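Beneath this line is the structure, given in structure tokens, with notes to follow.
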Amino acid sequence: MRYISTRHGSQGSPEPLGFEDVMLAGLARDGGLYLPEHWPHFSKAEIAALRGQPYVEVAYRVMRPFVGDAFDEPTFRRLITDAYASFDTPEVAPLKALGESGLHLLELFHGPTLAFKDVALQLLGRMLDHTLTDKRQHATIVGATSGDTGSAAIEAVRDRKTIDIFMLHPRGRVSEVQRRQMTTVLAPNVHNIAIDGTFDDCQDLAKACFNDLAFRDRHALTAVNSINFARVMAQIVYYFWAALKLGAPNRPVAFTVPTGNFGNVYASYAAQRMGLPISHFVVATNSNDILARFFESGAMTAADVVPTYSPSMDIQISSNFERLLFDLYGRDGKALAEAVAAFRSTGSLLVGANALGGVRALFDAGRLDDAGTLAAIADCRKRFGETLDPHSAVGYAVAQHHRRDAGVPMVVLATAHPAKFPDAVQKATGERPALPARLADLLDRTERLDGLRNDVSALELLIDERMAVARPARAARR
Ligand SMILES: *Cc1c(COP(=O)(O)O)cnc(C)c1O
């Protein structure tokens with residue numbers, strides 16, 4: 001399997017790469033995102049053969065075509081098995097029917113940090129460590145988080161000698177539980193940085209480090225944001241898993257995905273391209289609804305980010321959306337690079353009527369504000385006895401407006417555990433959800449973090465300094 005950049009053919013584009021290089025690079029050198037040259041295809045019989053298999057086996061077979069010869073079979077199986085042993089259930093992603101409503105919850109929050117990002121990052125951390133150890137190399141992760149990516153990435157690489165991680169979060173804009181899940185990890189290779197700005201500012205800073213090629217090479221920067229294709233790959237698995245439970249390949253399924261950076265819902269689109277019968281996807285957003293507006297009008301126009309109860313979706317510019325745009329631009333990397341550059345300078349991007357028609361046949365979109373989110377949490381609790389976190393609640397409410405066919409099961413992705421967002425859940429239900437036992441003392445643990453202004457030179461200086469200290473120490477440990 002070879003991978004190309006969404007901006008291939010534009011200035012500075014890399015040659016097609018194999019899986020290991022794509023995983024290590026994260027973002028392509030031309031600023032684009034990597035995608036496989038061709039999607040692997042699963043026939044009906046191949047999908048049927050996955051039925052009844054445990055999660056790790058489905059994961060192995062669905063991901064095998066993507067990794068090529070990066071790992072031999074026993075190694076890849078072991079990495080997958082170890083990654084999902086960190087979950088609190090062997091099901092990894094339990095599927096729950098909501099009464100007879102035809103709605104189902106796919107619970108993706110059973111990993112160590114209680115959000116769906118563990119599903120991909122527990123595996124990515126292990127794959128990176130394996131590859132770097134093999135190559136006797138060290139990599140530096142620079143990432144931005146609106147909350148959940150940070151803790152999941154930190155938890156995935158903590159204490160690994162092959163990796164240092166610098167995680168940027170917008171100061172005061174992540175929940176206390178989210179912040180503490182990052183800042184209480186005191187491993188020497190973990191560096192938390194609170195930026196005075198929004199999540200988009202943090203993301204821009206991380207991107208600026210990558211676009212500074214000298215800096216990027218000096219530290220062997222790698223990204224574990226959802227732009228890393230390995231994360232998309234690992235997320236494709238649970239769409240197969242859920243659809244199989246509901247009758248795939250003989251029966252179609254619909255998915256509603258609480259969406260921020262478009263990584264999760266893009267994985268469902270990928271699953272469909274691979275042959276999984278998905279009738280349609282519903283993109284659920286909070287008041288930061290640039291994507292919902294896009295699917296309605298074909299025009300993408302940025303607005304200011306407003307804080308909501310679902311902070312992991314408080315995003316205006318969804319980086320993974322470029323992967324879908326790539327198809328909408330007929331896989332013409334040069335044309336896409338120009339459109340993205342124009343969007344950067346004018347703040348708007350318009351897709352032609354044909355492309356929009358095609359994409360609307362597949363995608364619905366809806367939004368829910370904070371008041372609606374609280375009402376949805378209360379409603380689900382009352383009707384079905386399930387307590388949702390605010391992100392999942394957005395999905396739950398939006399899903400009900402986008403059932404195209406009552407006979408097609410609708411799976412809502414439950415992306416976080418309610419205890420990660422206790423304030424909103426308490427407001428909605430009157431009860432404060434308890435953290436699972438393994439995190440019960442989180443609020444008493446010691447925190448460590450740096451504060452920084454929104455300035456790329458200051459950030460690069462901090463990383464240079466930290467790594468200058470870390471490098472000799474690491475050499476001494478060897
Ligand atoms: C990251 C996250 C999302 C958004 O997922 P994307 O892949 O960025 O669209 C939704 N809900 C929760 C709880 C998250 O952590």
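Among the candidates Leu35, Leu106, which residue alone is in contact with a Leu (Cβ under 6 Å, 6 or more places away or on another chain) and either crowded, with 20+ Cβ neighbours inside 10 Å or in a loop (DSSP other than H, G, I, E, B) (or both)? So that I can check it myself, show each step before the final result.
Details: Leu35 fails: in contact with a Leu (Cβ under 6 Å, 6 or more places away or on another chain).
Step by step, each of Leu35, Leu106 is checked, and only Leu106 is in contact with a Leu (Cβ under 6 Å, 6 or more places away or on another chain) and either crowded, with 20+ Cβ neighbours inside 10 Å or in a loop (DSSP other than H, G, I, E, B) (or both).
Quick check: anything in the range 215-233 within 16 Å of the ligand (Cβ to nearest atom), touching a His at 6+ places or on another chain (Cβ under 9 Å), hydrophobic (A, V, I, L, M, F, W, C) and modelled with pLDDT of 95 or more? Among the residues of the range 215-233, not one is within 16 Å of the ligand (Cβ to nearest atom), touching a His at 6+ places or on another chain (Cβ under 9 Å), hydrophobic (A, V, I, L, M, F, W, C) and modelled with pLDDT of 95 or more, which makes the answer no.
Looking at the range 401-418, which of the residues that are within 12 Å of the ligand (Cβ to nearest atom) and outside any strand (DSSP E or B) is nearest to Thr373 (Cα to Cα)? Taking the candidates together, the pick is Pro418. Within the range 109-132, the set of residues being farther than 24 Å from Gln53 by Cα and part of a helix (DSSP H, G or I) comprises Gly125, Leu128, Asp129, His130, Thr131, Leu132.
Cβ-Cβ distances below 6 Å connect the following pairs, each with a first residue in the range 222-233 that is touching a residue at least 40 places away in the same chain (Cβ under 8 Å), a second residue that is within 10 Å of the ligand (Cβ to nearest atom) and among the aliphatic types (A, V, I, L, M), and a separation of six or more residues or different chains: Arg231/Ala120; Val232/Ala267.
Conditions tested, residue by residue: (1) assigned to a loop (DSSP other than H, G, I, E, B); (2) modelled with pLDDT under 95.
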site: Arg438; (1), (2): no, yes
site: Leu443; (1), (2): no, yes
site: Glu447; (1), (2): yes, no
site: Gly451; (1), (2): no, no
site: Asn454; (1), (2): yes, no
site: Ala458; (1), (2): no, no
site: Leu461; (1), (2): no, no
site: Ala470; (1), (2): no, yes
site: Ala476; (1), (2): no, yes
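Has the range 168-188 got any residue that is over 28 Å from Pro436 (Cα atoms), crowded, with 24+ Cβ neighbours inside 10 Å and away from the ligand (no atom under 14 Å from the Cβ)? No, the range 168-188 contains no residue that is over 28 Å from Pro436 (Cα atoms), crowded, with 24+ Cβ neighbours inside 10 Å and away from the ligand (no atom under 14 Å from the Cβ).
Residues checked against (1) at pLDDT 95 or above; (2) under 20 Å from Leu186 (Cα atoms); (3) polar (S, T, N, Q); (4) under 15 Å from the mean Cα position of the chain (by Cα):
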| residue | (1), (2), (3), (4) |
| --- | --- |
| Leu103 | yes, no, no, no |
| Gln122 | yes, yes, yes, yes |
| Thr140 | yes, yes, yes, no |
| Gly147 | no, yes, no, yes |
| Val157 | yes, yes, no, no |
| Arg160 | yes, yes, no, no |
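Annotation: of all residues in the range 304-342 being more than 18 Å from the chain's Cα centre (by Cα) and within 14 Å of the ligand (Cβ to nearest atom), the one that is surrounded by the most Cβ atoms within 10 Å (Cβ to Cβ) is Tyr309.
In the range 90-106, is there at least one residue being within 16 Å of the ligand (Cβ to nearest atom), among the acidic types (Asp, Glu) and in contact with a helix residue (DSSP H, G or I) (Cβ under 9 Å, 6 or more places away or on another chain)? No, the range 90-106 contains no residue that is within 16 Å of the ligand (Cβ to nearest atom), among the acidic types (Asp, Glu) and in contact with a helix residue (DSSP H, G or I) (Cβ under 9 Å, 6 or more places away or on another chain).
Listed conditions (1) closer than 22 Å to Ser151 by Cβ; (2) more than 12 Å from the ligand (Cβ to nearest atom); (3) in contact (Cβ under 8 Å) with a residue 60 or more places away in the chain are all met by Gly395, apart from (2). Test Arg323 against the stated conditions and say whether it is in contact with a Phe, Trp or Tyr (Cβ under 8 Å, 6 or more places away or on another chain), in a helix (DSSP H, G or I) and among the basic types (Lys, Arg). Yes. Does Met127 satisfy the condition of being of a type in the set (A, V, I, L, M) and within 16 Å of the ligand (Cβ to nearest atom)? Against the criterion (of a type in the set (A, V, I, L, M) and within 16 Å of the ligand (Cβ to nearest atom)), Met127 does not qualify. In this structure, Asp164 does not qualify as without any contact (Cβ under 8 Å) to a residue 12 or more places away in the chain and over 28 Å from Val305 (Cα atoms). The sole residue among Leu462, Leu435, Leu439, Leu443 that is closer than 30 Å to Cys209 by Cβ, in contact (Cβ under 8 Å) with a residue 24 or more places away in the chain and of a type outside the set (S, T, N, Q) is Leu462. Look at the range 331-347: where a residue is assigned to a helix (DSSP H, G or I) and a partner is aromatic (Phe, Trp, Tyr) and crowded, with 19+ Cβ neighbours inside 10 Å, sitting 6+ places away or on another chain with Cβ atoms under 8 Å, you get Gly333/Phe326; Ala335/Tyr329; Leu336/Phe326; Leu336/Tyr329; Ala339/Tyr329.
Take the conditions (1) more than 9 Å from the ligand (Cβ to nearest atom); (2) under 22 Å from Thr149 (Cα atoms); (3) of a type in the set (Ser, Thr, Tyr); Ser279 misses just one of them, which is (2). Take the conditions in a strand (DSSP E or B), among the small types (Gly, Ala, Ser) and within 14 Å of the ligand (Cβ to nearest atom) and apply them to Ala365. Does it pass? It is true that Ala365 is in a strand (DSSP E or B), among the small types (Gly, Ala, Ser) and within 14 Å of the ligand (Cβ to nearest atom). Please work out if Ala339 is out of contact with any Pro (no Cβ under 9 Å at 6 or more places or on another chain), closer than 15 Å to Gly31 by Cβ and small (Gly, Ala, Ser). So Ala339 passes the test. Report whether or not Ala376 is surrounded by fewer than 24 Cβ atoms within 10 Å (Cβ to Cβ), within 16 Å of the ligand (Cβ to nearest atom) and in a helix (DSSP H, G or I). So Ala376 passes the test. Residues that are of a type in the set (Val, Ile, Thr) and touching a Ser or Thr at 6+ places or on another chain (Cβ under 8 Å) occur at least once in the range 242-253. The number of residues in the range 133-149 that are outside any strand (DSSP E or B) and either in contact (Cβ under 8 Å) with a residue 60 or more places away in the chain or within 16 Å of the ligand (Cβ to nearest atom) (or both) comes to 7. Taken over the range 280-303, the criterion of being touching a strand residue (DSSP E or B) at 6+ places or on another chain (Cβ under 6 Å) and surrounded by fewer than 18 Cβ atoms within 10 Å (Cβ to Cβ) is satisfied by Ala299, Thr301.
The values are calculated or read from the model by the stated rules, or taken from the named source; none is laboratory data. These numbers come from a predicted model, not from an experiment. No Cβ is skipped: glycine too gets one built from the backbone with ideal geometry, and neighbour counts run over all protein chains shown.
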